[in-house]
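Data block below; observations after.
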Amino acid sequence: MVDVSKWPLFSLMPPQDLACIWKACVFGASANEAIYINRDHEVFVLGLNCSNCLCTGDNQSTIVPKKLDFLSGKKVVSVSYGSGPHVLLATEEGELFAWGHNVYCQLGNGTTNQGLLPVLVSTNLLDFKVTEVACGSHHSMALTEFGQVFAWGYNNCGQVGSGSTATQPHPRRVSSGLQTKIAVGIVCGQNSSMAVLDNGEPWFGQVYGWGYNGNGQLGLGNNSNQLTPDRLAGLRVQQLVCGYAHSLALTDEGDLYAWGANAYGQLGTGNKSNHLSPVAIMGEKGRIVEVAACHSAHTSAAKTQSGQVYMWGHCRGQTVTLPHLTHFSCTDDVFACFATPAVMWRLLSAELDDFLTVAQSLKKEFDNPETADLKFRVDGKFIYVHKAVLKIRCEHFRSMFQSHWNEDAKDVIEIQQFSFPVYRSFLEFLYTDDVELPPEDAIGLLDLATSYCENRLKRLCQHIIKRGITADNAFTFLAASVRYGAEVRSADLEDFCFKFCVNHLTRVTQTDAFQQIDGDLLKDFICRAGRCGAFKN
């Protein structure tokens, strides 16, 4: 299952927000920008905002996701990004929006003004429904519903396919060589473009390429730039991807071919020699079902029919010339963990998975009256649990639910020595291994953990107390740690609370907790503080 938190930019988001991400794209020169779509089809952005690529109306960075209101009510079908960066986004209605870097007219609005606000790209596209977008370094492409290819932007190497090297300020249909053909896919390298054309046969098509070809990334058998599309002879593909200056193609039979630049081993041939024509790789690995690359990186990845994921090329600064078996379950993880920059090679889809692990299933069943076979009543409220789980997870309950204990025959057990929040948190801990409780209540839970000999729970409580200590509650915590005796002191909680009180002595002595302490504890504290030099002039 896809885990978007593997991308550093998403790692600070709370779990409940991460769970709402449906589709996402991390991009930028340092992987510092992101667009994501939640399950309500709302679009959010966050990150550095280089070249105004977040489309927030300003040039301010944001670590807190911001919603793109202009996309409200629209469903996104395709997103791509360039190196500036600039961003292209197509909606289900066929509209094409662009924003960000625009020095080379890559936004398609006829200007070179930076796209602070979204541009609705309409010139020459009014009568077409855009279904897919692709970006190179500073050029853009769009695929329409009926298979027409449009391109615009930087064109120094012919990557727009117009027959010249003049920058193209508006979308222009790529007609030479493609006029009567139907395209079913488009991809871009840094300064090159490629398209898969329908040849009337199901599941695979012919490949055409144009633009920069200095490393043979067009696969035409030479290294001459192409100002108009030219066909790769003898190759029919099911999937085509482009790296910075190399290309990978997957056939309908699961065979993988590579060509182009190879300085980082990104072709997977075992050496660093460029290839001007497609060369077969990974033939011994079995049928390949997915291949991955993106124009921002020299990294390659592939997935086999058996679920094995391989990577090669530029991997975290290392040159890997042969496909290396990883522990990942999807090619996206290769780019999250090993690509430089750690950008996404496609609009990532985090589909819902209804499979629950054992831990997730236990968590789901806590306090569920429909499946529980036992109730605890605390402060007049019920907590629903399962005897088997309690016996497995806690020695106290394993002993309790024996024939010689009265509780074993009861359906309801009364608890009087602990509060409802404390006891419920304890039972929830047995189901989840986690504790979510205010520091003040953690004192009571620490008492329970000590009584029940739950050592890990004691450590969690101590951590909560240390993390939540303030001048107002410090003396309360100190008194509690003293009360729980030597067993707790061994974990240095008492020393921690004592030092905090001494370091904030003036404020602590003015709190209600300090005013209400008994004489022995007060005397002990004053003597100990004196020995530490707390009262020196």
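The values are calculated or read from the model by the stated rules, or taken from the named source; none is laboratory data. Quick caveat: nothing in here was measured; it's all calculated off a predicted structure. Cβ atoms come from the backbone with ideal geometry, glycine included; neighbour counts cover every protein chain shown. The protein model used for the area step is the full one, side chains on, heavy atoms only, and it has no ligands, DNA or RNA in it. Shrake-Rupley method; radii C 1.70, N 1.55, O 1.52, S 1.80 Å.
Does the stretch 109-122 include one or more residues that are surrounded by 19 or more Cβ atoms within 10 Å (Cβ to Cβ) and among the polar types (S, T, N, Q)? Looking through the stretch 109-122, at least one residue is surrounded by 19 or more Cβ atoms within 10 Å (Cβ to Cβ) and among the polar types (S, T, N, Q). Restricting to the stretch 1-23, and then to whatever is under 9 Å from the mean Cα position of the chain (by Cα) and of a type in the set (Phe, Trp, Tyr), can you tell me which residue is nearest to Lys75 (Cα to Cα)? So the residue we want is Phe10. Annotation: of all residues in the stretch 286-315 being open to solvent by 30 Å² or more (accessible area, probe 1.4 Å) and touching a helix residue (DSSP H, G or I) at 6+ places or on another chain (Cβ under 8 Å), the one that is nearest to Val133 (Cα to Cα) is Glu290.
The set of residues from the stretch 449-473 being touching a Lys or Arg at 6+ places or on another chain (Cβ under 9 Å) and either surrounded by 22 or more Cβ atoms within 10 Å (Cβ to Cβ) or assigned to a helix (DSSP H, G or I) (or both) comprises Ala449, Thr450. Can we say Phe382 is out of contact with any Gly (no Cβ under 9 Å at 6 or more places or on another chain) and under 25 Å from Ala480 (Cα atoms)? It is false that Phe382 is out of contact with any Gly (no Cβ under 9 Å at 6 or more places or on another chain) and under 25 Å from Ala480 (Cα atoms).
Quick check, is Gly163 touching a strand residue (DSSP E or B) at 6+ places or on another chain (Cβ under 6 Å), open to solvent by 10 Å² or more (accessible area, probe 1.4 Å), on the phi > 0 side of the Ramachandran plot and of a type outside the set (A, V, I, L, M, F, W, C)? Spelling it out, Gly163 is indeed touching a strand residue (DSSP E or B) at 6+ places or on another chain (Cβ under 6 Å), open to solvent by 10 Å² or more (accessible area, probe 1.4 Å), on the phi > 0 side of the Ramachandran plot and of a type outside the set (A, V, I, L, M, F, W, C).
For first residues located in the stretch 102-121 and within 14 Å of Cys135 (Cβ to Cβ) and modelled with pLDDT of 95 or more, partners that are open to solvent by less than 10 Å² (accessible area, probe 1.4 Å) and of a type in the set (Ser, Thr, Tyr) and lie 6+ apart or on another chain with Cβ distances below 7 Å form the pairs Gln106/Ser140; Gly108/Ser140. Among the residues examined, Arg424 qualifies as among the basic types (Lys, Arg) and in contact with a strand residue (DSSP E or B) (Cβ under 8 Å, 6 or more places away or on another chain). For the stretch 124-160, filtered to residues that are buried (at least 24 other Cβ atoms within 10 Å of the Cβ) and of a type in the set (Val, Ile, Thr), the residue that is nearest to Thr228 (Cα to Cα) is Val160. For the stretch 482-518, a tally of residues being at pLDDT 80 or above and part of a helix (DSSP H, G or I) returns 20. Number of residues in the stretch 272-285 that are surrounded by 12 or more Cβ atoms within 10 Å (Cβ to Cβ) and touching a residue at least 24 places away in the same chain (Cβ under 8 Å) equals 9. When His386 is tested against (1) touching a residue at least 40 places away in the same chain (Cβ under 8 Å); (2) farther than 30 Å from Asp17 by Cβ, exactly one condition is not met: (1). Of all residues in the stretch 302-316, those that are more than 11 Å from Tyr264 (Cα to Cα) have Cβ atoms under 6 Å from Cβ atoms of residues that are among the hydroxyl-bearing types (Ser, Thr, Tyr) and in a loop (DSSP other than H, G, I, E, B), 6 or more apart or on another chain, in Val309/Thr326; Met311/Thr326. Of all residues in the stretch 404-442, those satisfying the criterion of being out of contact with any Lys or Arg (no Cβ under 9 Å at 6 or more places or on another chain) and either touching a residue at least 40 places away in the same chain (Cβ under 8 Å) or farther than 21 Å from Lys387 by Cα (or both) are Phe418, Ser419, Tyr423, Leu427, Glu436, Leu437, Pro438, Glu440, Asp441, Ala442. Can Arg398 be described as at pLDDT below 95 and more than 33 Å from the chain's Cα centre (by Cα)? When the stated conditions are applied, Arg398 passes them. The set of residues in the stretch 426-443 being among the charged types (D, E, K, R), within 33 Å of the chain's Cα centre (by Cα) and open to solvent by less than 70 Å² (accessible area, probe 1.4 Å) consists of Glu428, Asp433.
Are any of the residues in the stretch 23-35 out of contact with any Ser or Thr (no Cβ under 7 Å at 6 or more places or on another chain), surrounded by fewer than 21 Cβ atoms within 10 Å (Cβ to Cβ), on the phi < 0 side of the Ramachandran plot and assigned to a strand (DSSP E or B)? For the stretch 23-35, residues out of contact with any Ser or Thr (no Cβ under 7 Å at 6 or more places or on another chain), surrounded by fewer than 21 Cβ atoms within 10 Å (Cβ to Cβ), on the phi < 0 side of the Ramachandran plot and assigned to a strand (DSSP E or B): absent.
Checked across the stretch 104-116, the condition of being of a type in the set (A, V, I, L, M) and touching a helix residue (DSSP H, G or I) at 6+ places or on another chain (Cβ under 8 Å) holds for at least one residue.
Candidates are the residues of the stretch 171-186 that are surrounded by 16 or more Cβ atoms within 10 Å (Cβ to Cβ) and touching a Ser or Thr at 6+ places or on another chain (Cβ under 8 Å); the one that is nearest to Leu143 (Cα to Cα) is Ile186. Return yes or no: is Leu446 in a loop (DSSP other than H, G, I, E, B) and either open to solvent by less than 20 Å² (accessible area, probe 1.4 Å) or under 17 Å from Lys381 (Cβ atoms) (or both)? For Leu446, the condition - in a loop (DSSP other than H, G, I, E, B) and either open to solvent by less than 20 Å² (accessible area, probe 1.4 Å) or under 17 Å from Lys381 (Cβ atoms) (or both) - is not met.
For the stretch 7-22, the set of residues classified as within 25 Å of Tyr244 (Cα to Cα) and open to solvent by less than 50 Å² (accessible area, probe 1.4 Å) consists of Trp7, Leu9, Phe10, listed by residue number. Identify all residues within the stretch 204-232 that are at positive phi and either among the charged types (D, E, K, R) or not in a loop (DSSP other than H, G, I, E, B) (or both); write none if there are none. Across the stretch 204-232, the qualifying residue is only Gly211.
From the list Gln190, Gln168, the one residue that fits, being within 19 Å of Tyr212 (Cα to Cα) and either surrounded by fewer than 18 Cβ atoms within 10 Å (Cβ to Cβ) or under 32 Å from the mean Cα position of the chain (by Cα) (or both), is Gln190. The residues of the stretch 24-58 that are acidic (Asp, Glu) and farther than 22 Å from Val77 by Cα amount to a single one, Asp58.
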